[in-house]
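J.: My questions will all concern the structure given below.
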Amino acid sequence: MKQRLESVGLKSHYVLGLLFITYAFSFIDRQILGVLVGPIKADLDITDFQFSLLQGAAFALLYSFVGLPLGRLADRGSRKTIIGVGVLLWSFATAGSGLARNFYQLFAMRMLVGAGEAALAPAASSIITDLYPREKLTTAMSIFKAGVVVGSGMALILGGRLYEYFDSLGQLTFLGVNLAPWQATFIAVGAPGLLLAALIVITQEPARKGLLKVEGQESTTKMPLASVMAYMFKEHRVLYGCLFGGCSLLAIVSYGFSSWFTETLIRTFAISRGEAGTLYGMTVIGSGLVGIAFAPILVGFFQRRKHIDANMRALMWLCLGLLPTAALAPQMPDHRAALTLVAGFGFFQAAYLGVAAAAVQMVTPNQLRGLATAIYLFSVNMMGLAIGSSMVAGITDFVFQDEGAVRHSLTVVASCLLPLAALLFWRGLSAFARALEESNQWSDEPG
């Protein structure tokens, strides 16, 4: 990756690195619940399905809906300010989750975490696309999306270890309030966001480039909302429908695993919560970083063979690679075999993140990028977060009616949805190629 980025200035690398760290912290705060299932369920006296609402719907509701106006704002206003305010909000809400005393209070805090994190991806994706040329964009977006892998893995590792540390201390108190170990864990992971927000606000963002030419003007950073909607859902409805739809199905499977695979290891193989979180977290980080590095190589492979639809084609093949690993990993007879196969799942799952993010940016003019990213995330998260975690839990609770069958639920979801995702990507190949050819007419004059 270093060679691919060497021609870009250090300032661009610094901003990309800061956005990567921010994205990683967002996923630590987002995924920390995955390793705290048992303690929270016991203290709040809730079911698997109720817990899945905390993991999914509570976060996804505001994350998805607030992201739309914030995406539109990112196309017109200060992107670094939007991100900085968002980091502050989600950090306070994560710490506030540690003060929750019942299901409804924790649900409300998770909604606020979602509202804060909605500010990040649309504005950050727009900034990165202005920092790097198209031929380096998949690599740059893959580095940014590596925050998903590192953050998700660190949430499992830190979450498990912090929980065990606080559990070993006995009675805990914060601001005069007695805390359970899982509550102290929330407060500990939310605090660093305050420094991160300050670093973002003092960073200079780049000039806007890649503007769609508007009749009678050379270029403009302003574009009416009606024109934006017509561009995406009338002129290019097949492109965005297939791209967003395929990624949404992938997200259901991905979030299902991130929400329930740690608990699968605990329930199926009777290993401790700290060990399960550490083993799965290290697997996620290790295999995910290799997958992130592989993504630009795969796209380059198709580009060298003159496939202008390289990013969409790569998504199709990555989806097919996910199928056997996702379906079989939960069915392994011991935790070592399960982790070996889930490493393959983590590889393919991480690889698609940067490829998909770059694909959205490549075919979207600057005036639309924030909103397009927000709509993409709305689709992915309403399906992945709101449905993915709850779909697995729903099959476990209402079909198998056995908490020990969560591994079978993961296999069912992966086996049904991944072939459909691959089919959607295949359907969108020609539409993606046409849109990329049209992008040669956009203006590169700073706006």
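The values are calculated or read from the model by the stated rules, or taken from the named source; none is laboratory data. Since the model is a prediction, treat every value here as computed from it, not as a measurement. Reconstructed Cβ throughout: ideal geometry from the backbone, glycine too, with neighbour counts over all protein chains shown.
J.: Does ALA405 satisfy being part of a helix (DSSP H, G or I) and in contact (Cβ under 8 Å) with a residue 60 or more places away in the chain?
T.: no
J.: Determine which member of the set MET282, MET312, MET362 is farther than 19 Å from SER152 by Cβ and surrounded by fewer than 24 Cβ atoms within 10 Å (Cβ to Cβ).
T.: Only one candidate passes the filter, namely MET362.
J.: Scan region 232-277 residue by residue and report those that are surrounded by fewer than 22 Cβ atoms within 10 Å (Cβ to Cβ) and within 16 Å of the chain's Cα centre (by Cα).
T.: If the condition is that a residue be surrounded by fewer than 22 Cβ atoms within 10 Å (Cβ to Cβ) and within 16 Å of the chain's Cα centre (by Cα), then GLY245 is the only one that fits.
J.: If MET229 meets every condition in (1) among the hydrophobic types (A, V, I, L, M, F, W, C); (2) surrounded by fewer than 20 Cβ atoms within 10 Å (Cβ to Cβ); (3) at pLDDT 90 or above apart from one, which number is that one?
T.: (3)
J.: Could I ask something else about it? Is it the case, given these coordinates, that ALA293 is at pLDDT below 95, among the aliphatic types (A, V, I, L, M) and either surrounded by 21 or more Cβ atoms within 10 Å (Cβ to Cβ) or not in a helix (DSSP H, G or I) (or both)?
T.: When the stated conditions are applied, ALA293 does not pass them.
J.: Exactly one of these conditions fails for ARG134: (1) touching a Phe, Trp or Tyr at 6+ places or on another chain (Cβ under 7 Å); (2) surrounded by fewer than 18 Cβ atoms within 10 Å (Cβ to Cβ); (3) of a type outside the set (S, T, N, Q). Give me its number.
T.: Just one mismatch for ARG134, condition (1).
J.: Let me ask another. Please find, among ILE40, ILE46, ILE28, ILE32, the residue that is in contact with a helix residue (DSSP H, G or I) (Cβ under 7 Å, 6 or more places away or on another chain), at pLDDT 85 or above and either among the acidic types (Asp, Glu) or not in a helix (DSSP H, G or I) (or both).
T.: Only one candidate passes the filter, namely ILE46.
J.: For the list (1) without any contact (Cβ under 8 Å) to a residue 24 or more places away in the chain; (2) touching a His at 6+ places or on another chain (Cβ under 8 Å), I need the number of the one condition that LEU279 fails.
T.: Result: LEU279 fails condition (1) only.
J.: Could you count how many residues in region 308-339 are in contact (Cβ under 8 Å) with a residue 40 or more places away in the chain and of a type outside the set (A, V, I, L, M, F, W, C)?
T.: 7
J.: Mind checking whether some residue in region 142-162 is hydroxyl-bearing (Ser, Thr, Tyr), under 22 Å from PHE20 (Cβ atoms) and part of a helix (DSSP H, G or I)?
T.: Yes, because at least one residue in region 142-162 is hydroxyl-bearing (Ser, Thr, Tyr), under 22 Å from PHE20 (Cβ atoms) and part of a helix (DSSP H, G or I).
J.: Specify the residue that is modelled with the highest pLDDT; the eligible residues are those in region 198-215 that are crowded, with 20+ Cβ neighbours inside 10 Å and either within 26 Å of the chain's Cα centre (by Cα) or in a loop (DSSP other than H, G, I, E, B) (or both).
T.: Of everything passing the filter in region 198-215, ILE200 is modelled with the highest pLDDT.
J.: Quick one: which of ALA42, ALA119, ALA100, ALA58 is over 26 Å from MET383 (Cα atoms), in contact (Cβ under 8 Å) with a residue 40 or more places away in the chain and not basic (Lys, Arg)?
T.: ALA100
J.: Right, next: Name the residue, out of GLY321, GLY354, that is in contact with a helix residue (DSSP H, G or I) (Cβ under 7 Å, 6 or more places away or on another chain) and farther than 17 Å from GLU135 by Cβ.
T.: The match here is GLY321.
To keep it simple, each residue is scored yes or no on (1) surrounded by fewer than 24 Cβ atoms within 10 Å (Cβ to Cβ); (2) among the aromatic types (Phe, Trp, Tyr).
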site	(1), (2)
PRO324	yes, no
ALA327	yes, no
PRO333	yes, no
GLN367	no, no
PHE398	yes, yes
ALA405	yes, no
HIS408	yes, no
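J.: Any idea which of ALA115, ALA100 is farther than 14 Å from LEU194 by Cα and within 18 Å of the chain's Cα centre (by Cα)?
T.: Step by step, each of ALA115, ALA100 is checked, and only ALA115 is farther than 14 Å from LEU194 by Cα and within 18 Å of the chain's Cα centre (by Cα).
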